[in-house]
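Asks: Before we start, here is the structure in question, set down as structure tokens.
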Amino acid sequence: MALRIFGVLAEDDSKQRLKDSIESKYAASYEVTPNFFLFVADPEDVVNELEFGEPLPDQDDKSISGVVFSLNGTIGGYYSKKLWDWIKIHRG
């Protein structure tokens, strides 16, 4: 299957776990903000690979609370040139 660009937004209490997970699993990633990353991946099992799940209270839970978006349509807006260059390189 072809690789796609995904965006992932984490809740504040999951942002470090998200960063660690993305950096360890996906070579092509871009940190837009501490809570939002873009990365290139095969669409199969992205949510499972990132260890998404409901955090359990009073446990050393490693799950990530957030949402994943597939960027497979039109993208527009105004942001730093570095972001647009990254998207252009990885969009294919």
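The values are calculated or read from the model by the stated rules, or taken from the named source; none is laboratory data. Quantities reported herein were computed from a predicted structural model and do not represent experimental measurements. Glycine also receives a Cβ, built like all others from the backbone with ideal geometry; neighbour counts cover every protein chain displayed.
Asks: Which of (1) surrounded by fewer than 18 Cβ atoms within 10 Å (Cβ to Cβ); (2) within 11 Å of the chain's Cα centre (by Cα); (3) at pLDDT below 90 is the odd one out, the single condition Lys15 does not satisfy?
Replies: Among (1) surrounded by fewer than 18 Cβ atoms within 10 Å (Cβ to Cβ); (2) within 11 Å of the chain's Cα centre (by Cα); (3) at pLDDT below 90, the lone unmet condition for Lys15 is (1).
Asks: I've got another one for you. Which of the residues that make up the stretch 1-42 are in a strand (DSSP E or B) and of a type in the set (Ser, Thr, Tyr)?
Replies: Ser29, Tyr30, Thr33
Asks: Hey, among the residues in the stretch 43-73 that are assigned to a loop (DSSP other than H, G, I, E, B) and modelled with pLDDT of 80 or more, which one's nearest to Ser14 (Cα to Cα)? Reasoning before the result, please.
Replies: Taking the stretch 43-73 and keeping what is assigned to a loop (DSSP other than H, G, I, E, B), we get 43-45, 50-51, 53-63, 65, 71-73.
Narrowing the set further to residues that are modelled with pLDDT of 80 or more leaves 50, 65, 71.
Details: Leu50: 11, Ser65: 6, Leu71: 22 Å.
Ranking the candidates gives Ser65 first.
Asks: Oh, and also: Filter the stretch 24-52 down to the residues that are without any contact (Cβ under 8 Å) to a residue 40 or more places away in the chain, surrounded by fewer than 19 Cβ atoms within 10 Å (Cβ to Cβ) and over 10 Å from the mean Cα position of the chain (by Cα) and list them by number.
Replies: Those that are without any contact (Cβ under 8 Å) to a residue 40 or more places away in the chain, surrounded by fewer than 19 Cβ atoms within 10 Å (Cβ to Cβ) and over 10 Å from the mean Cα position of the chain (by Cα): Ser24, Lys25, Ala27, Thr33, Pro34, Asp45, Asn48, Glu49, Glu51.
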